[in-house]
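Below is one structure, written out as structure tokens; comments come after it.
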Amino acid sequence: QVQLVESGGGLVQAGGSLRLSCAASGRTFYSMGWFRQAPGKEREFVAAISWTGGSTYYADSVKGRFTISRDNAKNTVYLQMNSLKPEDTAVYYCAATRGGASIQRRMYDYWGQGTQVTVSS
């Protein structure tokens, strides 16, 4: 069993930055992902990272602006978000999978409760 707790969301102006954190407890030998869900939209993939951190994947919409990383000693995964845009506004969720890092939501076994990110124009 894995428990995931996100933090670091908030309100920021367009062009600003935020860093999200996802603290994991329990078994932590998992690949991790970040997803987001805006009002009235489906939850979508943002970024994923393998257990070793050697492989990372990004949605085209965030490539070059967001960076996913992890510190396994702290059981924490991060999402550094730069050059934020109003369309990045969403609830951001971290997720864990027993398998390899994936862009597919259905591959993830555990989910956090989410943290709100709001980008004002």
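The values are calculated or read from the model by the stated rules, or taken from the named source; none is laboratory data. Everything numeric here is computed off the predicted structure, so don't read it as measured data. A quick note on method: Cβ atoms are made from the backbone with ideal geometry, for glycine too, and the neighbour counts reach across all protein chains shown. Side chains are part of the model used for accessible areas, which takes the heavy atoms of the whole protein and leaves out ligands, DNA and RNA. Shrake-Rupley method; radii C 1.70, N 1.55, O 1.52, S 1.80 Å.
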Handout entry: Meets criteria (touching a helix residue (DSSP H, G or I) at 6+ places or on another chain (Cβ under 7 Å) and either modelled with pLDDT of 95 or more or not acidic (Asp, Glu) (or both)) for Val119
Key = yes
Handout entry: Residue list for segment 54-96, filter: open to solvent by 50 Å² or more (accessible area, probe 1.4 Å) and aliphatic (A, V, I, L, M)
Key = Ala73
Fill in the blank from the handout: For Ala101, the lone unmet condition from (1) touching a strand residue (DSSP E or B) at 6+ places or on another chain (Cβ under 7 Å); (2) open to solvent by 30 Å² or more (accessible area, probe 1.4 Å); (3) of a type in the set (A, V, I, L, M, F, W, C); (4) not in a strand (DSSP E or B) is (2)
Fill in the blank from the handout: Subset of segment 104-115, residues part of a loop (DSSP other than H, G, I, E, B), of a type in the set (S, T, N, Q) and closer than 15 Å to Ala47 by Cβ, comes to Gln104
Practice task
Provide a single number: the residues in segment 53-96 that are without any contact (Cβ under 8 Å) to a residue 40 or more places away in the chain and in a strand (DSSP E or B).
Solution key: 7
Practice task
With the condition kept exactly as written, say whether any residue in segment 24-46 is open to solvent by 20 Å² or more (accessible area, probe 1.4 Å), among the hydroxyl-bearing types (Ser, Thr, Tyr) and at pLDDT 95 or above.
Solution key: no
Problem - Among residues of segment 2-23, those that are open to solvent by 20 Å² or more (accessible area, probe 1.4 Å) and touching a Phe, Trp or Tyr at 6+ places or on another chain (Cβ under 8 Å), counted - result: 4
